[in-house]
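Notes for the one structure printed next.
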Amino acid sequence: MSETVPGIVHIGLGAFHRAHQAVYLQLYFDRTGDDSWHICAANIRSNQTIVDAFQKAGHCYPVVAYETEDAATVTDVRILSSTLFAGADKSALLQRLIDPATRLVTLTVTEKGYGLMSNGEALNQDDPAIASDVQSIDGPTSVPGLLLAAIRARVLQRVAPFTVLSCDNLPHNGRRVQTAVRLLAERHYPELVDSIQAMSFPSSMVDRIVPAVTDEAIAKSVRWVGKQDSLVVVTEQFSQWVVEDNFSNGRPDWEADGVTMVDDVEPYETMKLRLLNGAHSLLAYAGLLLGHATVDQAVNDPALRALVLAYFDEARVVVKVAVDLDEYCNALLKRFANNSLHHKLSQIAMDGSQKLPQRWLRGVIDRRKQGLDSPVAALALACWMAHLRGAGVQGASYPINDPLEESLKQCVDDEPSAYVTKLMALDGLVPPGCRDDHVFIAQLLASFSRVRGCATTSAVTLVLADATS
Ligand code: CS2
C-alpha cells in the first residue's frame, strides 16, 4: 500500500471525509482494482494527533454506519495511502500538490477555510491565514494560498493542472475556492489569473451525518468492529454526493458507486443547505435553549418537531429541484431521529456566522422576492442571538465557538434593537437583501424580545409553539 502514488490530495482529514469521500473511493477501488485514485490526506492547522494515529495504524480504519442501535454495517477503509500534518512546515504537502501524479485536490476545510466574506466575493482579511497570505505568499498558510503556490509551480514546470473539488457545505463551493485563489493571484501573480480561470473547480453537494467521534462512540462500536479502534468513524446509512461533471485531469467513474454527476449542482446544494442544514441549525440553537444535547432528543421534542415542520414549509417554497420534497423532508426527520449517532447540538451550533447566511438568510431573500415573509427564519435567528449570550434558560451555559466570536460578543446587548442594529452592521455577515428587509427585521426584533424574556424552558416552548400555530 505504501508504494501507491496517490492521485488525490485531500485537505481536511476530519471524520466527515473519512465517512464520505473515502468510502466512495474505497468502493471504487474494490470494484475496479484501480489504485490511481488513492488519497494522501492532510491536516494543515490542527489535529496532528489524528495524523500520527493514522501513520501508526497503517492508514486502515472502520466506518460503522448505523441504521438503528441494533443494526449497523461496517466498511473497512484502506484507501488512504498516506497522511500528512502540514502545520508550520507545509513543504511536504506542497510537494505532493505539485507532483504530476496529483490530478485531483479535494477539500473539507469547513466554511471558514475558504477565507472569504459571506458573499463569497472578497477575501476575509480578519482571517489571520488570509491576512498573512495577502501580505506575502512566500510560505503560504491558507488553503487558497497553498493552492495558488502549487498552481504556480505546476505552471512553471509545465505540469497539467489538477482539478479542485470542494466538499464543504457552501453554495457554489467550487466557484468559491476559485474566487479565493484568483483574488490572491491578482495580488501576487496577476499573470496566473487566466490559467486559474481556465482550471476546473467543480462544485459538489455532500451529505452524510457524521458526528465528531467520542470515547463512547468508540466503545460502542466494538460490538460491530470486533475490537477497540480509536480511528473508527460512526455515521448513518444514508450517503449522497452530487458532483458537477467538470474535471480537467481525469476522475474515477464513481457513478457506479453511487455518486451522481450533473451539469449544475446548485438546485441540490440549495435543497440540502436550506432543508437539512437549515433545520439542523434551527434544532441546534432552539434545542440548546431548551436544554437538549443531541439532535435526536431535540427532534423528538414535540415543540421543536413542529417548529422544524413549519421551517420546512417556509423554506421549501423557494427550493426548486427535481426531487420529491415531501419525501426528502420526511426522510430528514427520520435521519435526525437516529438515536445511535448521539449527534451533539453543540457541534452543529459552532461557526454560526459562517453557516447561517446560506442556511437561512438566502431563503429569506428568495421568499421576499416572491412577496413572502419568513417568520420562522426570524425566530430561528432570534434563537441564535439568544444562544450568543452563552447561556440558556434555567442556568444552562455553553461556550460560543465561532471565528467571529469577539465581534459577536460585542454585539450582544440586553436591549433588542441595539443588539439587532449591531449585528446587522457587522461587515459581511447578514446579506444586504436581508438586512434591508424591514418586515424581517421587525419580526426578528419581536421574536428576540420574546425569547429573551423567557426564564424557563416551558416559556421558550410557548414562544416556539406560537410560531407554528
Ligand atoms: C451539520 C452538518 O455541523 C453541521 O453544521 O449541519 O455537518 C451536517 O451534519 C452535514 O452537512 C450532513 O450532511
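The values are calculated or read from the model by the stated rules, or taken from the named source; none is laboratory data. Predicted, not measured: the structure shown is a model, and the values here were computed from it. No Cβ is skipped: glycine too gets one built from the backbone with ideal geometry, and neighbour counts run over all protein chains shown.
Contact map, segment 206-234: residues that are touching a residue at least 12 places away in the same chain (Cβ under 8 Å) paired with residues that are aromatic (Phe, Trp, Tyr) and within 16 Å of the ligand (Cβ to nearest atom), Cβ distance under 7 Å, separation 6+ or inter-chain. Pairs shown: 206/241; 208/238; 210/16; 234/66.
Going residue by residue through segment 272-282, is there one that turns out to be in contact with a strand residue (DSSP E or B) (Cβ under 6 Å, 6 or more places away or on another chain) and surrounded by 16 or more Cβ atoms within 10 Å (Cβ to Cβ)?
We begin by selecting, within segment 272-282, every residue in contact with a strand residue (DSSP E or B) (Cβ under 6 Å, 6 or more places away or on another chain); these are 272.
Narrowing the set further to residues that are surrounded by 16 or more Cβ atoms within 10 Å (Cβ to Cβ) leaves 272.
Within segment 272-282, one or more residues are in contact with a strand residue (DSSP E or B) (Cβ under 6 Å, 6 or more places away or on another chain) and surrounded by 16 or more Cβ atoms within 10 Å (Cβ to Cβ).
Restrict the check to segment 164-183 and report whether at least one residue is part of a loop (DSSP other than H, G, I, E, B), closer than 30 Å to residue 134 by Cα, within 15 Å of the ligand (Cβ to nearest atom) and among the aliphatic types (A, V, I, L, M). Yes. Flag not set for residue 353, criterion: within 20 Å of the chain's Cα centre (by Cα), among the polar types (S, T, N, Q), assigned by TED's automatic domain parsing to the domain that holds residue 276 and surrounded by fewer than 18 Cβ atoms within 10 Å (Cβ to Cβ).
Among residues of segment 211-235 being surrounded by fewer than 21 Cβ atoms within 10 Å (Cβ to Cβ) and within 16 Å of the ligand (Cβ to nearest atom), the one that is nearest to residue 108 (Cα to Cα) is 212.
Is it fair to say residue 35 is acidic (Asp, Glu) and in contact with a Ser or Thr (Cβ under 7 Å, 6 or more places away or on another chain)? Don't jump to the end; show me each part of the working.
Values: acidic (Asp, Glu): yes; in contact with a Ser or Thr (Cβ under 7 Å, 6 or more places away or on another chain): yes.
Here the answer is yes, as residue 35 does meet what is asked.
Summed over segment 305-328, the residues that are buried (at least 24 other Cβ atoms within 10 Å of the Cβ) and over 14 Å from residue 278 (Cβ atoms) give a count of 0. Residues in segment 427-469 that are surrounded by fewer than 16 Cβ atoms within 10 Å (Cβ to Cβ) and of a type in the set (A, V, I, L, M, F, W, C): 439, 442, 446, 455, 459, 462, 465.
Here residue 338 clears all of (1) surrounded by 20 or more Cβ atoms within 10 Å (Cβ to Cβ); (2) of a type outside the set (A, V, I, L, M, F, W, C); (3) outside any helix (DSSP H, G or I); (4) away from the ligand (no atom under 14 Å from the Cβ) except the condition numbered (4). Scan segment 369-376 and give yes if some residue there is hydroxyl-bearing (Ser, Thr, Tyr) and either surrounded by fewer than 19 Cβ atoms within 10 Å (Cβ to Cβ) or closer than 22 Å to residue 317 by Cβ (or both), otherwise no. So far as segment 369-376 goes, yes, one or more of its residues are hydroxyl-bearing (Ser, Thr, Tyr) and either surrounded by fewer than 19 Cβ atoms within 10 Å (Cβ to Cβ) or closer than 22 Å to residue 317 by Cβ (or both). Kindly check whether there is at least one residue in segment 89-99 that is acidic (Asp, Glu) and touching a helix residue (DSSP H, G or I) at 6+ places or on another chain (Cβ under 7 Å). No. Scanning segment 254-277 for residues that are charged (D, E, K, R), more than 14 Å from the ligand (Cβ to nearest atom) and within 30 Å of residue 71 (Cα to Cα) gives 255, 257.
When the residues of segment 192-209 are filtered to those that are within 16 Å of the ligand (Cβ to nearest atom) and not basic (Lys, Arg), the one that is surrounded by the most Cβ atoms within 10 Å (Cβ to Cβ) is 203.
Is it true that some residue in segment 361-369 is within 16 Å of the ligand (Cβ to nearest atom) and under 23 Å from residue 398 (Cα atoms)?
Initial filter on segment 361-369 (within 16 Å of the ligand (Cβ to nearest atom)): 361-363.
Subset that is under 23 Å from residue 398 (Cα atoms): none.
No; the residues of segment 361-369 include none that is within 16 Å of the ligand (Cβ to nearest atom) and under 23 Å from residue 398 (Cα atoms).
Where helices (runs of 4 or more DSSP H) sit wholly within segment 207-326, those with at least 1 residues that are closer than 26 Å to residue 171 by Cβ occupy 266-271, 278-289, 295-299, 302-316. Only one of 124, 119, 173 is in the same structural domain as residue 101 (by TED's automatic domain parsing), crowded, with 18+ Cβ neighbours inside 10 Å and modelled with pLDDT under 95; which? When all the criteria are applied, what remains is 124.
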